[in-house]
Amino acid sequence: MRDRARRPIGSGRASRGTRIPCERYEMRSHEFGGPVCLLASDTRGLCGPCSVVAADVRDPAQSGRWSGVLDWSNLNELISCDQDECDPGPGFIAIHAVHLPDAKILMFSEEREQYIWDTVTGQFEHVPAIIEKKGCAFEPAVDCVTGDDCIDYCATYDNEKCDAPNVDLSCQEITFEPDLFCAGHILDSDGDVVMSGGNITGSPSGGGYRSVFRFNQTDGWSNLSVSLSRWRWYPTLTALDSRRVLSFGGTVSSVAEPTSADALEIFTKSSPITYWPSSPFDVGSNVGTIGVQYPFMFLLPWSDVPGGPFVFYAGAEGFSGSYLNTYVLSTTSAPFWNTNAPIPSGIPGGSAVMYQPGMILKSGGCTSFSSFCEATDLAETIDLSVPDPGAQWESTCPMIEPRHFHTLTLLPDGTVLATGGNRRGNGLNIGTCGEFQEGQPVYLCETDIDCTTKRCLGSATQSCDEDADCGGAGPCSNLPSGQESCVSWNNANFATKCAELWDPNDGIGRWKPLCCQQKERMYHSVALLLPDGRVLTAGGGNRDGLVDQRNAEIFSPPYLFKGSRPVIVTSPGQVGYGQNFTVNVASESPVDRVTLTKLASITHQFDMGQNFVELSFDSNNEFTLTVEAPQDSLHAPPGWYMLWALSNGVPSKSEYVLLR
């Protein structure tokens, strides 16, 4: 059996070195008779092992290629339904996306804005979340069986609706249209999309549901007969095995309860289709995760340690302080492994991905949602492939561009693609001192007064009285002439449009510059791997100060331009753990790798579903491979995957396979 499970660099041993001007790559554009490909200028290159390697923009085998912009602002032209039977609306922003096992993507944002996009035809189907269920008359989001449940709810929770004159506390059959904005979601082993949370109030200050929702392409939407113990908004869902889903994080409902949502809570699928919750483990007060939004959660491949399965909390989309602490958590006993000590991280927010079982990369980030916040280019890794009480985050090469609210996407060859994000600026009413000019120092402001005080000239935000106040961001001085007034800005000026690629197997962990897309993909954007090996990026906006992106773009990575692709001729639709299975291929050169990538379930720059597994195999002859499935569900959680055959770094188109 050929063992292709190579150990990646994992903990990033390359030194960041000294920041001095080194190699640069210039802003260029090139017409191919189609889309324009851009590379941005890098003035921050690192000499030594992390130096930026220039890519030739004219050669897509080096820099990849972006499609043109797919216009989703008028779905009337793209909808696949009778216009008398559905309301496609004026287009939508793809804030959430779940890859379904038939080359389709479920995408949604707010009420009634749920669509299925066919990756082959480009057509949409409108599938609005309209659910028939029993709910309290005064608060339809509250599940009930009898009126006693509604009375008990009001006796337990501080909801001002309970105190309204003549409040109706009955339990009724209702038609419910949940606002799934900022819900958590995962694709389960049966191909059902399971969701919890969402915006119960319909307002920006929001708060989450306790309900668990289910979407099935055949049966549509349903509200499962279960209420979780916590109301959650911005939670993360993690598949533990074929029947159990872990819910963690999020904020509570402002109309429901003062109790924290910081508890590990597991709900288990049963037959007939329903989910039953376990008693939650409260961990927030112990591990400093109060109110974390979309925590980065990863199932660890530890099979012989009591208290498992274990998950790793690797941070969240914000901020500083206790959010820099990360933890290994048990899902079956006291919620810690080994000790209560945190594993400190140097990265606030950003994005994170498990690029091999137990091997995690985190990059970018910022210390707040504030438009004043300057993103970081830091990247770090941790090796938790085996239980190690001494495991720590270690620096790997920094990203080419500082970015926050970007997305990390696993590719079929095990590399990690970074797209989208912003260097600074996340909406709201912020400006710059003087007109913004690309490549010139930026000083952020809210009013003209901000531009008349002394500033540290090496910082976008730091005011000062003397040089000593600035540390390394000095000197302290008045701003240059022409920058005395605060000018409204366009957040798009600070979008990081240029993709970059991280290779865990190059021995260094260096980031490679790739082409730039046309549209900014900032907060509320998504990116996910498609079954043909390309990457969809979509959405962004739905926040004051950001442009609503009712469109998408598709990136073709460099590996699609490096030679002919293998073809998977036949493969099984389902395999079991540890099972050998046959894959027949057609390829001009021998297949040298076989990999699996789990289907995506992404929102807010974190993919709750993706997973990468390298498979061992034997070549019986030039066209027949005997492949060994993963040994257990901790290394590869059960569910739907894309199967890839690679030759000389070039992947085939994938075939869907159910692992269970």
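At-a-glance table
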item: The lone exception for residue 207 - which of (1) modelled with pLDDT of 90 or more; (2) farther than 30 Å from residue 635 by Cα; (3) open to solvent by less than 10 Å² (accessible area, probe 1.4 Å) it fails; result: (1)
item: Given (1) closer than 30 Å to residue 520 by Cβ; (2) touching a strand residue (DSSP E or B) at 6+ places or on another chain (Cβ under 9 Å); (3) at pLDDT below 95; (4) open to solvent by 10 Å² or more (accessible area, probe 1.4 Å), index of the condition residue 554 fails; result: (3)
item: Options 103, 94, 141, 137: the member that is modelled with pLDDT of 90 or more and surrounded by 21 or more Cβ atoms within 10 Å (Cβ to Cβ); result: 94
item: Condition broken by residue 623, with the remaining ones in (1) among the aromatic types (Phe, Trp, Tyr); (2) modelled with pLDDT of 95 or more; (3) open to solvent by 40 Å² or more (accessible area, probe 1.4 Å) satisfied; result: (2)
item: Top-ranked residue in the range 146-169 [being assigned to a loop (DSSP other than H, G, I, E, B) and over 36 Å from the mean Cα position of the chain (by Cα); ranked as nearest to residue 214 (Cα to Cα)]; result: 146
item: Those strands (runs of 3 or more DSSP E) lying entirely in the range 546-660 with at least 2 residues among the charged types (D, E, K, R); result: 593-598
item: Scope the range 108-130; condition crowded, with 18+ Cβ neighbours inside 10 Å and part of a strand (DSSP E or B); matching residues; result: 108, 114, 115, 116, 117, 124, 125, 126
item: So residue 571, is it more than 26 Å from residue 408 (Cβ to Cβ) and of a type in the set (Ser, Thr, Tyr); result: yes
item: Residues of the range 50-72 that turn out to be part of a helix (DSSP H, G or I) and among the hydroxyl-bearing types (Ser, Thr, Tyr), as a count; result: 1
item: Hey, residue 255 under 22 Å from residue 308 (Cα atoms) and modelled with pLDDT under 80 or not; result: no
item: Per-region count, the range 583-607, residues more than 23 Å from residue 570 (Cα to Cα) and either open to solvent by 20 Å² or more (accessible area, probe 1.4 Å) or at pLDDT below 95 (or both); result: 2
item: Single match in 135, 147, 122 (criterion: within 30 Å of residue 533 (Cβ to Cβ) and not charged (D, E, K, R)); result: 122
item: Residue that is nearest to residue 518 (Cα to Cα) [pool: residues in the range 481-500 that are touching a Gly at 6+ places or on another chain (Cβ under 8 Å) and surrounded by fewer than 18 Cβ atoms within 10 Å (Cβ to Cβ)]; result: 493
item: Members of the range 156-183 found to be open to solvent by less than 10 Å² (accessible area, probe 1.4 Å) and more than 21 Å from residue 132 (Cα to Cα), listed by number; result: 159, 182
item: Among the residues listed as 660, 543, the single one being under 19 Å from the mean Cα position of the chain (by Cα) and surrounded by fewer than 19 Cβ atoms within 10 Å (Cβ to Cβ); result: 543
item: Residue identified as under 23 Å from the mean Cα position of the chain (by Cα) and under 25 Å from residue 216 (Cα atoms) among 123, 172, 114; result: 114
item: Filtered residues of the range 500-523 (kept if at pLDDT below 95 and touching a Cys at 6+ places or on another chain (Cβ under 9 Å)); result: 508, 509, 510, 511, 513, 514, 515, 516, 517
item: Residue among 534, 543, 521 that is more than 18 Å from residue 375 (Cβ to Cβ) and not small (Gly, Ala, Ser); result: 534
item: Which numbered condition residue 389 fails, given (1) closer than 30 Å to residue 631 by Cα; (2) modelled with pLDDT of 90 or more; (3) open to solvent by 10 Å² or more (accessible area, probe 1.4 Å); result: (2)
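Residue-by-condition table, conditions (1) at pLDDT 80 or above; (2) open to solvent by less than 10 Å² (accessible area, probe 1.4 Å); (3) part of a strand (DSSP E or B):
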residue: 246; (1), (2), (3): yes, yes, yes
residue: 266; (1), (2), (3): yes, no, yes
residue: 312; (1), (2), (3): yes, yes, yes
residue: 326; (1), (2), (3): yes, yes, yes
residue: 336; (1), (2), (3): no, no, no
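The values are calculated or read from the model by the stated rules, or taken from the named source; none is laboratory data. Quick caveat, the model's predicted, so the values are computed rather than measured. For neighbour counting, all protein chains shown are included, and Cβ atoms are generated from backbone atoms with ideal geometry for every residue, glycine included. What goes into the accessible areas is simple: the full protein's heavy atoms, side chains included, and nothing from ligands, DNA or RNA. Shrake-Rupley method; radii C 1.70, N 1.55, O 1.52, S 1.80 Å.
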